[in-house]
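To start, the structure under review is shown below, and the notes come after it.
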Amino acid sequence: ANPRHPYLVGRCNSLETSLEVVLHENYAYVYGSGWTIIDISNPSNPIRITTFTQPRGGGLAIKDTFAYFVHSYDSLNIWSIANPNDPYQIISIPIRTFPKDVEIKGNIAYVGGRFWLQVFDISNPINPREIGYYSTPYDIRRLFCDEKYIYAACYSAGVCILEYLPAGLTENKNTNKKLDF
């Protein structure tokens, strides 16, 4: 309520190492040396629901009823969190080495790592597919996407700003139209 005078409302132990927290509805998803789901519907009494020791490492993003984790060595992991009391892994996708973060924008997942940005179509989370790749001047540590740009924190190379330019062809849906010559 008063940013100049914050105070502790409640606390809940999660993992030995916590690197990131994402809030979604009444839950906090804490990620680091594994991940934990915490019910925060009552902030003064948060309750740890589930803890997993895998996957470990990089970043976490939540979209709808899915959690997207990057394993610090080589994979993008998609979990169903439709029931936070019983999450389960849907798929683990091998990706380039040392991913550090994942960001979701619409039906696109951006995964950043050692000298690269990989782009996935996640419109079908059960069967995601790679649709793009971009080399960066240094390792990406964190990503942020807005409507037009992808911001990549690239360690000592600073911030790389990439423009989002979707490409494609539009096909006329009325293909049975008679043409007069």
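The values are calculated or read from the model by the stated rules, or taken from the named source; none is laboratory data. Because the structure is a prediction, the values reported are computed rather than measured. So basically every Cβ, Gly included, is an ideal-geometry build from the backbone, and we count neighbours across all protein chains shown. Just so you know, the surface numbers come from the protein's heavy atoms only, side chains and all, with ligands and any DNA or RNA stripped out. Shrake-Rupley method; radii C 1.70, N 1.55, O 1.52, S 1.80 Å.
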**Within the accessible area of the chain (1.4 Å probe), percent carbon and sulfur** = 51 percent
**Asked** How long is the chain along each principal axis, judged by its Cα atoms, biggest number first, in Å?
**Response** 76, 40, 37
**Message:** I'd like the projected area of the range 105-159, averaged over all directions, using the convex hull of its alpha carbons. Report it in nm² with one decimal.
**Reply:** 3.7 nm²
**Prompt:** Taking the simple approach of a point 7 Å from Cα along Cα-to-Cβ for both R11 and L23, what is their distance in nm?
**Reply:** 1.9 nm
**Asked** Using the heavy atoms of the protein chains alone and a 1.4 angstrom probe, what is the accessible area of the range 1-101 per residue in square angstrom?
**Response** 56 Å²
**Message:** How big is the dipole moment of the range 1-82 about its Cα centre under a simple scheme where the beta carbon of each Lys and Arg is +1, that of each Asp and Glu is -1, and everything else is neutral? Debye, nearest 20, please.
**Reply:** 220 debye
**the range 76-99-the range 108-153 distance, computed between alpha-carbon centres (Å)** = 16 Å
